[in-house]
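Following: one structure in structure tokens, then a few remarks.
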Amino acid sequence: MDTAKQLRDKIAAGEVQSVDAVQAVFDRIEKIEPNIGAYLSLCKEQALEKAKQVDAKIASGESVGALAGVPVGVKDNMCTDFVATTCGSKMLEKFNAPYNAHVVEKLRAADAVIVGKCNLDEFAMGSSTENSALKQTVNPWDTTRVPGGSSGGSAAAVAAGLCSVSLGSDTGGSIRQPASFCGVVGLKPTYGRVSRYGLVAYGSSLDQIGPLARNVTDAALTLNVIAGHDERDSTSISEADAPLKDYLTDLESPIEGLKIAVVPALNDAADAAVRAATQAALEIYQSLGAEIIEIEMPHFDYAISTYYVIATAEASGNLARYDGVHYGHRSPDAENYVEVYSKSRSEAFGTEVKRRIMLGTYALSSGYYDAYYLKALKVRNLIRQDFTNAFKQADCLMLPVSPTTAFKIGEKTDDPLQMYLADVYTIAVNLAGVPGISVPCGFDEKNLPIGLQIVSEPFSEDKLLRIARMYEKETDWHTKKPPL
Amino acid sequence: MDLQYKIIVGLEIHVHLATRTKIFCGCELAYGDTANTHTCPVCLGMPGSLPVMNKKALEYSILTGLALNCKIAPFTKWDRKSYYYPDLPKNYQISQYDLPFSEHGYIEIPLADGTTKKIRITRAHLEEDAGKNTHTLGNFSAIDLNRAGTPLLEIVTEPDMNSAEEVGALARELQRIVRYLGVSEADMQKGHMRFEPNINLHITRDGQIFKTPISEVKNLNSFRAVERSIAYEARRQYQEFVETGKTMQMGNKATYGWDDDNQMTVLQREKEEAHDYRYFPDPDLVPVKVDADWLGEIKSRLCELPSQMQQRFVSEYGLSNYDAGVLTADRATAGFFDKTVKLGATVKRVCNLLTQTGLKLAKEKGVPVDQLNITDEALADLAKMADVGDVSASAATTIFEMMAESGENPKKIAEEKNLIQKSDSGEIETLIDQVIAENPKAVEDAKNNPKKAKKSAGFLMGQVMQKSKGQANPKVVSQILNKKLNA
């Protein structure tokens with residue numbers, strides 16, 4: 001199967017019709033999707049219509065966008081005005097947004113063909129997509145296992161060939177971890193690189209949209225399309241402060257004299273297979289001339305606690321608007337407006353969402369604010385400092401994405417704390433706002449994919465992608481297909 | 001009332017800023033339009049929408065802060081204030097909590113005796129207004145979100161006011177200031193200004209001071225309601241103290257509304273609820289740095305404030321405090337007056353023309369007085385013509401009205417309409433001599449009959465004016481006539 005880049009180039013050259021490529025994807029969806037459950041909704045008609053338009057454009061000699069005719073999946077927490085935006089929640093199950101998210105506009109402007117909306121943990125809260133109130137997505141490599149989360153649908157769709165690339169969102173690892181579990185590439189850009197306008201907020205200071213792709217090149221291609229300043233998002237960086245780059249230009253050039261930082265103290269948390277795969281990847285970099293230096297990140301251990309205060313505090317505010325008054329689920333049994341709130345929210349939010357709203361509300365409550373929220377902000381600064389120090393000594397940091405490979409469906413649902421702890425390697429990256437990527441780096445004894453995480457300094461996605469590509473060129477992990 | 005007491009009042013004031021668009025989105029501000037026609041995903045609080053600060057709203061706020069002598073913070077930020085209410089689409093209000101853009105100022109309010117009093121300003125911060133719930137649909141309530149996201153400046157004073165009149169004076173002075181600055185229309189009927197006084201009494205009994213529980217009266221939108229509610233509360237609290245001896249305790253601040261029909265306050269909440277708004281910094285907005293350059297730029301837009309102008313009109317132009325007050329009620333009138341006088345017309349003349357004719361015309365036409373089609377030069381010319389006697393005072397009024405109609409210069413109008421007074425003493429003397437010759441009886445009476453002298457002189461004066469077809473300068477006529485009669 002072609003990569004997104006290959007497909008786009010063939011379509012643009014007139015060798016392949018987008019309509020045929022999109023039809024092929026829908027044929028595959030028809031066959032495989034019932035076993036995977038990657039999509040919450042499909043937009044076949046609009047997709048084929050768009051594909052026709054792209055083909056017509058090409059036939060008439062018009063220039064086409066960077067993702068011309070390429071089938072793309074979009075996580076269902078990004079607003080679309082042509083199909084429901086559910087966030088995997090009963091609350092928004094029938095919600096049709098009146099506008100398109102910035103990234104959706106960007107995809108369409110690049111002539112991408114949006115295939116459907118991908119499943120996720122409800123409001124992006126979770127690490128297994130088991131928290132979706134609407135569907136269970138499974139791991140294409142082992143359908144008894146989770147695809148990871150919260151962008152589990154986006155990762156599974158790419159891994160199973162149900163689209164060429166997809167968009168996910170990453171608040172604490174929600175792109176990188178499912179990418180790792182499903183054996184695809186997942187990039188979380190620097191906070192502020194991609195506009196959040198139209199991304200349904202979970203933890204506003206942490207959320208960032210990024211691509212899931214079959215290889216590093218496709219991730220770079222997709223980032224080219226979605227990155228850039230948007231005046232509708234005040235936290236989106238101006239291009240004067242962080243110039244946009246063409247992430248494909250120098251992608252094939254290795255970084256000379258690459259210095260990689262590792263944190264030995266962190267390795268203990270990972271399974272043997274994950275440790276071995278990470279070590280083997282480092283050795284490949286060494287063979288390419290990279291230097292490995294061992295560093296300490298003293299505040300890394302506090303990342304999970306810090307995250308679960310900040311993210312939930314922000315979530316408690318962000319999710320307050322789902323009250324049954326203006327849109328979304330409204331309880332039919334409410335007798336007065338206070339009951340409209342309490343019953344609608346009780347009925348339509350899932351357990352994990354409720355848990356996080358409660359946590360965040362508690363952390364912000366009078367008398368607890370200083371001890372929790374304010375302290376978490378302070379620790380966040382220390383964690384950020386750890387990363388700044390690391391990047392003074394090295395070009396990047398390498399570590400596992402997840403301590404384990406994909407776990408069994410239902411295995412951790414009774415123990416939310418265990419689920420939280422599994423995010424140990426990814427969460428600090430969001431707190432620091434730096435970019436991180438997961439690239440396939442091997443399989444465990446059960447033939448489940450393992451991801452290598454590479455992290456670099458803010459707005460250095462170009463370098464990060466080149467470092468990832470150096471490794472990818474030397475290995476064939478990314479070419480492996482799940483046994484479907 | 002037998003016991004001595006002192007009224008203590010602090011105010012919270014909400015002022016709608018007159019920006020073109022809302023504070024965090026591009027929707028235009030519109031009053032009284034069809035419900036929910038000025039809304040977008042941002043002010044509707046739709047999933048995924050994000051606020052972007054309207055810079056103008058902050059600039060207007062800072063300008064007001066400067067006029068209120070406040071310290072402007074070099075760094076200010078936005079916070080979320082959480083509470084659930086149907087007119088608040090996000091169920092949090094974007095406001096400013098611990099780092100408001102300004103603090104520690106004061107406003108000088110004019111008192112009835114002509115002196116002023118300084119009222120301290122605790123802080124002023126900027127926030128978004130909520131929408132409006134209406135309950136006119138029977139079983140249903142309706143929500144109009146046109147107002148949601150209107151920039152709202154909240155000003156909090158210290159409890160420095162000691163009478164309903166002082167609070168009224170502050171309210172009016174603040175209205176005058178924000179209008180001068182052009183940051184708000186401050187139209188009370190449109191709800192551009194809302195007041196919430198906190199009132200209690202310090203009552204002296206047996207040499208001891210007792211403080212009554214504080215009442216907060218919510219959402220007052222007229223000066224009269226502000227003054228009357230305070231007067232009412234003072235009486236009510238006094239009575240309550242006499243009957244129950246209840247004094248201020250932690251948490252016994254009560255909330256009242258104002259019932260305008262029955263002219264009384266109505267209890268809404270007995271005890272101050274332990275509100276926990278769970279303020280925290282809004283992660284969707286970046287903190288704002290107000291650097292010296294920007295602040296300087298805003299400062300340069302600061303104009304002479306109404307109270308300063310009023311004082312100057314008294315000291316520099318010798319106007320009465322009353323006239324100066326009328327002229328400085330709005331910036332257009334004050335500026336127009338000031339410019340006209342500086343062109344050399346006499347103060348009293350310009351003042352009369354403006355206050356007696358100009359403001360009336362302006363009100364009729366619904367425009368500021370400086371937009372009556374009359375330039376300051378033209379008005380100065382008219383005033384000067386009246387000053388030297390080229391036109392009479394009543395003709396000046398007529399000419400003023402005609403100028404407003406046609407935009408013509410006063411001289412041309414006066415000539416065309418034959419309103420120029422004749423002041424040529426030779427010509428006038430000839431007329432007087434004729435009248436004297438034609439009316440020997442009246443001349444005799446005027447000269448020698450003390451009972452009829454005044455009336456006869458008046459008659460002769462009238463005859464002269466009639467002969468001149470009203471164009472003779474009465475001052476000159478009376479001078480010459482008197483000389484001749486007394487000769």
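The residue that is nearest to the other protein chains (Cβ to nearest Cβ), among those in the range A:42-65 that are small (Gly, Ala, Ser) and crowded, with 21+ Cβ neighbours inside 10 Å, is A:47.
Condition test on residue A:120, is it within 28 Å of residue A:1 (Cα to Cα), part of a loop (DSSP other than H, G, I, E, B), open to solvent by less than 10 Å² (accessible area, probe 1.4 Å) and in contact (Cβ under 8 Å) with a residue 40 or more places away in the chain? Criteria met by residue A:120. Taking the criterion of being within 14 Å of chain A (Cβ to nearest Cβ) and within 22 Å of residue A:337 (Cα to Cα), would at least one residue in the range B:110-131 satisfy it? Yes, because at least one residue in the range B:110-131 is within 14 Å of chain A (Cβ to nearest Cβ) and within 22 Å of residue A:337 (Cα to Cα).
Each row is one residue, and each column tells you yes or no for (1) in a loop (DSSP other than H, G, I, E, B); (2) more than 14 Å from every other protein chain (Cβ to nearest Cβ).
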| site | (1), (2) |
| --- | --- |
| B:24 | yes, no |
| B:44 | yes, no |
| B:53 | yes, no |
| B:62 | no, yes |
| B:89 | yes, no |
| B:93 | no, no |
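Would you call residue B:135 open to solvent by less than 20 Å² (accessible area, probe 1.4 Å), on the phi < 0 side of the Ramachandran plot and either free of Cβ contacts under 8 Å to residues at least 40 places away in the same chain or not aromatic (Phe, Trp, Tyr) (or both)? In short, no. Within the range B:416-441, residues that are more than 15 Å from residue B:476 (Cα to Cα) and of a type outside the set (Lys, Arg) reach partners that are surrounded by fewer than 12 Cβ atoms within 10 Å (Cβ to Cβ) and at pLDDT below 80 with beta carbons closer than 9 Å, at six or more positions or on different chains, in the pairs B:418/B:469. Total residues in the range B:94-112 satisfying the condition of being modelled with pLDDT of 95 or more and crowded, with 20+ Cβ neighbours inside 10 Å: the figure is 7. The residue that is farthest from the other protein chains (Cβ to nearest Cβ), counting only those in the range A:222-242 that are open to solvent by 10 Å² or more (accessible area, probe 1.4 Å) and of a type in the set (A, V, I, L, M), is A:225. Do you know which residues across the range A:420-439 are open to solvent by less than 20 Å² (accessible area, probe 1.4 Å), assigned to a loop (DSSP other than H, G, I, E, B) and not charged (D, E, K, R)? Once the filter is applied, which keeps residues that are open to solvent by less than 20 Å² (accessible area, probe 1.4 Å), assigned to a loop (DSSP other than H, G, I, E, B) and not charged (D, E, K, R), the range A:420-439 yields A:422, A:425, A:426, A:433, A:434, A:435.
The condition (being under 26 Å from the mean Cα position of the chain (by Cα), open to solvent by 60 Å² or more (accessible area, probe 1.4 Å) and closer than 30 Å to residue A:147 by Cα) is satisfied by just one residue among A:382, A:399, A:417: A:417.
Among B:210, B:195, which is the only one that is at pLDDT below 95, assigned to a strand (DSSP E or B) and of a type outside the set (Val, Ile, Thr)? Quick ask: steps written out before the conclusion?
Working: B:195 fails: at pLDDT below 95.
After ruling out the rest, the residue left standing is B:210.
Just checking: which of the helices (runs of 4 or more DSSP H) contained wholly in the range A:304-415 hold 1 or more residues that are in contact with a helix residue (DSSP H, G or I) (Cβ under 7 Å, 6 or more places away or on another chain)? I'd like the intermediate steps shown before the answer.
On the way: elements: A:337-348, A:351-364, A:375-393.
Hits in the range A:304-415: A:351-364, A:375-393.
A quick yes/no check of all residues on (1) assigned to a helix (DSSP H, G or I); (2) surrounded by 24 or more Cβ atoms within 10 Å (Cβ to Cβ):
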site	(1), (2)
A:95	no, no
A:106	yes, yes
A:116	no, yes
A:148	no, yes
A:156	yes, yes
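Tell me whether the range A:190-198 contains one or more residues that are assigned to a strand (DSSP E or B), more than 18 Å from residue A:456 (Cβ to Cβ) and of a type in the set (Lys, Arg). Among the residues of the range A:190-198, not one is assigned to a strand (DSSP E or B), more than 18 Å from residue A:456 (Cβ to Cβ) and of a type in the set (Lys, Arg), which makes the answer no.
When residues of the range B:64-87 are filtered for being under 30 Å from residue B:48 (Cβ atoms) and more than 13 Å from chain A (Cβ to nearest Cβ), how many remain? Talk me through it step by step, then tell me what you get.
We begin by selecting, within the range B:64-87, every residue under 30 Å from residue B:48 (Cβ atoms); these are B:75-87.
The next check asks that each one be more than 13 Å from chain A (Cβ to nearest Cβ); those that pass are B:75-76.
Residues that pass the stated criteria total 2.
Considering A:360, A:410, A:442, the condition of being of a type outside the set (Phe, Trp, Tyr), open to solvent by less than 10 Å² (accessible area, probe 1.4 Å), out of contact with any strand residue (DSSP E or B) (no Cβ under 7 Å at 6 or more places or on another chain) and touching a residue at least 24 places away in the same chain (Cβ under 8 Å) is satisfied by A:360 alone.
Among the residues of the range A:10-57, which ones are of a type in the set (Asp, Glu) and in contact with a helix residue (DSSP H, G or I) (Cβ under 9 Å, 6 or more places away or on another chain)? Step through it out loud before you land on a result.
If we filter the range A:10-57 for residues that are of a type in the set (Asp, Glu), which is where we start, we get A:15, A:20, A:27, A:30, A:33, A:45, A:49, A:55.
Within the range A:10-57, A:15, A:20, A:33, A:55 meet the criteria.
Given the residues B:286, B:290, which is the only one that is free of Cβ contacts under 8 Å to residues at least 24 places away in the same chain, closer than 30 Å to residue B:98 by Cβ and not small (Gly, Ala, Ser)? I'd like the intermediate steps shown before the answer.
Working: B:290 fails: free of Cβ contacts under 8 Å to residues at least 24 places away in the same chain.
B:286 is the lone residue from the list that is free of Cβ contacts under 8 Å to residues at least 24 places away in the same chain, closer than 30 Å to residue B:98 by Cβ and not small (Gly, Ala, Ser).
The single condition among (1) crowded, with 21+ Cβ neighbours inside 10 Å; (2) over 21 Å from residue B:96 (Cα atoms) that residue B:20 does not satisfy is (1). Reported count of residues in the range B:327-346, each being part of a helix (DSSP H, G or I) and either touching a residue at least 60 places away in the same chain (Cβ under 8 Å) or open to solvent by less than 30 Å² (accessible area, probe 1.4 Å) (or both), is 11. The single condition among (1) open to solvent by 10 Å² or more (accessible area, probe 1.4 Å); (2) away from chain A (no Cβ under 14 Å); (3) touching a strand residue (DSSP E or B) at 6+ places or on another chain (Cβ under 6 Å); (4) not in a helix (DSSP H, G or I) that residue B:152 does not satisfy is (1).
If the condition is being away from chain B (no Cβ under 12 Å) and surrounded by fewer than 24 Cβ atoms within 10 Å (Cβ to Cβ), then the range A:73-89 contributes A:82, A:83.
The values are calculated or read from the model by the stated rules, or taken from the named source; none is laboratory data. Remember, it's a predicted structure, so these values are computed and weren't measured experimentally. Ideal geometry is used to build each Cβ from the backbone, glycine not excepted, and the neighbour counts take in all protein chains shown. Note: accessible area is taken over every heavy atom of the protein model, side chains too, but ligands, DNA and RNA are not part of it. Shrake-Rupley method; radii C 1.70, N 1.55, O 1.52, S 1.80 Å.
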